[in-house]
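K.L.:
My questions will all concern the structure given below.
Readers should treat all values here as calculations from the given coordinates under stated rules, not as data from a laboratory. Just so we're clear, the structure is a prediction, and the values are computed from it rather than from any experiment. With ideal geometry, Cβ positions are generated from the backbone for all residues, glycine too; neighbour counts draw on all protein chains shown.
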Ligand SMILES: Nc1ncnc2c1ncn2[C@@H]1O[C@H](COP(=O)(O)OP(=O)(O)O)[C@@H](O)[C@H]1O
Ligand SMILES: [Mg+2]
């Protein structure tokens, strides 16, 4: 079972194909964002959606703004196009961290067993008992307050590493306040988003550990780390990647919820959840101004759907019952 | 081959391996134990093939693995050339693994599906830092041809091979470190009958060429008859009989051995008619709840009172003929 084989199967599966097509669409949107939605000349930050006036009342789609504008005259089309970059950055970086953390915790617990396993799994369970969204909301507001007072210490470094991976900033640079709120949201999601991966990894490693090739590795005198990295992990990791791919969509959704509550991206930032948050003031008259929810909402929906379709199909392809039949 | 001045290579003394059965919220309350191996003693002589036979689940694999210290023994000793393997540092044992290897039962599960067969066969050399890249490549190719495969295929993955070919890859891996002792854990059981003979022949040729000593595990007597010098019979975690191959087939002392032998057809029709058939009834009891007294007593056709009360002693009933049965003189 190679990556080539998996890819061929993915293309042949109609559902996965739709998912891949959607993803491709978003990738094109993100890569060529400046072509689809050119940045105005005087803009300080391309991720701040350009405004066409300051009127509070949203304007429905028209010639100048093909998807209309929201409250404050932010251009919806621009926001959706540039928002795809934000979605990928946030989704992929969060997933990278949660997956790495989960794999580390899960495989160390499974391979070493005993009290190490006990302790790590108890910690995992404690983290799991927190309601994810509520905790993320609370933690984000706390983190933002802490950063605001400038006493963050170690947290500053984690934010800087994230800023480097998410926005490509050098570690020496001071964190841009517009991005800081995004980074705190990401940290909260990462801190409470790694447990499923840890548990699945642990279960898979425990299974693989009993396979004869793992015992064979010990028999020839391979050391612990070699057995873990060369024999156990590569064979336990595929199902974990399935979950990771599905997570990308759900993290973006969670982040949108934070933004909707005013905790993620700042007002006017090209982020789909943040764009929907403008609708909070217009709930009684949404029939008239439906475009302010529908377009960004569609973007989020399709993005999450795309990752889920791909993940689902991957899971079918990698189903353990199909293993060994090849 | 085995006489009084044969050199003992491996001595196993009262070896036990119990797997704990755990329960409780924290999985830390031990509620019982699977007595997979429950006190076995035997010697393996330099250059011989010792067959180890018993029904599936009786503890053969666990014996082999505990002997090689892949499982930590619950009790007992394993001496390898007078060195106590149960009492040495892990690093010392790791070095020792160059001398003692294992061939596995399942040709599908015993090879890492994400490594090429070249990587699999050269890994022992890499792990012990033997030779440089070029030397390892040359050795790997030599090993591949030694086991009857084409070195040209070294960059292929295990799933591209048949069961028999994979088993040869497993044999090459076990040979890579030039060991003197190999545990063959049902190395042929999973193969087609036509392939079994080929692999047994290969193992015999290799034994001759490299002066190998084998512990050859199998689940029925017909498989070990051809290759073994001596045969040990195991039942529910214990040895019941151990002797020279011919002696075991001609003069089995333990009722369990007799039962196993009556399942093996005899080619001579007159002998076939004359012999007493012992048919076993009932199932093997669970190793977590072995019966009182002799482990075999619930299924034994000749069991008496003492068999239900006392464990039989493992003793020499005739020179070189070991048995554990109250009713054998
Ligand atoms: N790692 C393990 N943990 C718990 N029980 C085990 C383990 N390995 C084997 N057993 C149990 O020990 C007994 C003997 O198993 P095994 O040595 O594999 O038998 P055999 O090789 O003769 O078929 C079986 O009841 C089996 O379920
Ligand atoms: Mg076995």
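K.L.:
On average over all directions, what projected area in square nanometres does the range A:173-326 have, based on the convex hull of its Cα atoms?
P.N.:
Projected over every direction and averaged, the Cα hull of the range A:173-326 covers 13.3 nm².
K.L.:
Using 10 Å bins from zero, what percent of all Cα-Cα pairs in the range B:1-117 falls into each bin?
P.N.:
11, 35, 34, 17, 3, 0
K.L.:
A further question follows. Which log10 I(q)/I(0) values, to two decimals, does the range B:106-179 give at q = 0.13, 0.15, 0.16, 0.19 Å⁻¹ under the Debye formula with one point per Cα?
P.N.:
Results for the range B:106-179 at q = 0.13, 0.15, 0.16, 0.19 Å⁻¹ read -0.31, -0.41, -0.47, -0.67.
K.L.:
If you don't mind, there's one more thing I want to ask. As a test of the definition: which semi-axes, in Å, follow for the range B:11-67 when you take the square root of five times each eigenvalue of its alpha carbon gyration tensor? Largest first, please.
P.N.:
30, 11, 8
K.L.:
Using Cα atoms only, what is the angle between the long axis of helix B:117-127 and the major principal axis of chain B, expressed in degrees (0 to 90) to the nearest 10?
P.N.:
90
K.L.:
Expressed as a whole number of Å, what is the distance separating the alpha-carbon centroids of the range A:209-272 and the range A:1-47?
P.N.:
Between the Cα centre of the range A:1-47 and that of the range A:209-272, the gap is 21 Å.
K.L.:
A follow-up question, please. In deg cm²/dmol, rounded to 500, what helix-only [θ] at 222 nm does chain B give when every DSSP H run of at least 4 residues adds -39500 (n - 2.57) and the total is split over its residues?
P.N.:
-8500 deg cm²/dmol
K.L.:
Next question, about the same structure. Once Rh is set to the Kirkwood radius over Cα pairs, what Stokes-Einstein translational diffusion coefficient, in µm²/s, holds for the range B:113-248 at a temperature of 10 °C and a viscosity of 1.306 mPa s?
P.N.:
In µm²/s, the coefficient is 98.
K.L.:
Now for a separate question. Please build a GNM for chain B, connecting alpha carbons under 10 Å apart, and tell me which residue among B:179, B:319, B:287 fluctuates the most.
P.N.:
B:319
K.L.:
Among B:261, B:70, B:248, determine the one that fluctuates most according to a GNM of chain B built with springs between C-alpha atoms less than 10 Å apart.
P.N.:
In the Gaussian network model the winner is B:70.
K.L.:
If you count, for every residue in B:110-119, the Cβ atoms of partner chains within 10 Å of its Cβ, what is the mean?
P.N.:
Mean inter-chain Cβ contacts per residue within 10 Å come to 4.
K.L.:
Continuing with this model, one more query. 7 Å from Cα along Cα→Cβ at both residue A:66 and residue B:318: what's the point-to-point distance in nm?
P.N.:
For residue A:66 paired with residue B:318, the spin-label model returns 9.7 nm.
K.L.:
Could you give P(r) for the range B:234-329, binned at 10 Å from zero, as whole percent values over all Cα-Cα pairs?
P.N.:
Percent of Cα pairs in each bin: 15, 47, 31, 7, 0.
K.L.:
Now, a different point. Can you compute the FRET efficiency between residue B:13 and residue A:178 using 1/(1 + (r/R0)^6), with r the Cβ-Cβ distance and R0 = 56 Å? Round to the nearest 0.05.
P.N.:
FRET efficiency, residue B:13 to residue A:178: 0.15.
K.L.:
Plugging the Kirkwood radius over Cα pairs into Stokes-Einstein for chain B, at a temperature of 25 °C and a viscosity of 0.890 mPa s, what D comes out in µm²/s?
P.N.:
Approximately 116 µm²/s, per Stokes-Einstein.
K.L.:
When chain A is treated as a GNM, springs tying every alpha-carbon pair under 10 Å, which of A:308, A:42, A:13 comes out with the largest mean-square fluctuation?
P.N.:
Residue with maximal mean-square fluctuation among A:308, A:42, A:13: A:42.
K.L.:
By how many degrees, 0 to 90 and rounded to 10, does the Cα axis of helix A:238-260 deviate from the longest principal axis of chain A?
P.N.:
That helix lies at roughly 30 degrees to the long axis.
K.L.:
In nanometres, what is the gap between the two model label sites at residue B:91 and residue B:198, each 7 Å from Cα along Cα-to-Cβ?
P.N.:
4.4
K.L.:
Modelling each spin label as a point 7 Å along the Cα-to-Cβ direction, I'd like the residue A:24/residue A:290 distance in nm, to one decimal.
P.N.:
Each label point is offset 7 Å from its Cα along the Cβ direction, giving 3.1 nm.
K.L.:
Sticking with this one: If you line up the long axis of helix B:193-210 against the longest principal axis of chain B, both from Cα atoms, how many degrees apart are they, to the nearest 10?
P.N.:
Tilt relative to chain B: about 70 degrees.
K.L.:
Something else: When averaged across all projection directions, what area in nm² does the alpha-carbon convex hull of the range A:1-135 cover?
P.N.:
13.9
K.L.:
Hey, another quick one. Can you give the Rg to Rh ratio of the protein assembly as shown, both from alpha-carbon atoms, with Rh computed by the Kirkwood formula?
P.N.:
So for the protein assembly as shown, dividing Rg by the Kirkwood Rh gives 1.13.
K.L.:
A further question on this structure: log₁₀ I(q)/I(0) of the range A:154-216 at q = 0.12, 0.18, 0.21, 0.24 Å⁻¹, via Debye over equal Cα point scatterers, no solvent, to two decimals?
P.N.:
The Debye formula, applied to the Cα set alone, gives -0.49, -0.68, -0.79, -0.93.
K.L.:
Still on this structure, I have one more. How are the C-alpha pair distances of chain A spread across 20 Å bins, as whole percents from the shortest bin up?
P.N.:
28, 53, 18, 1
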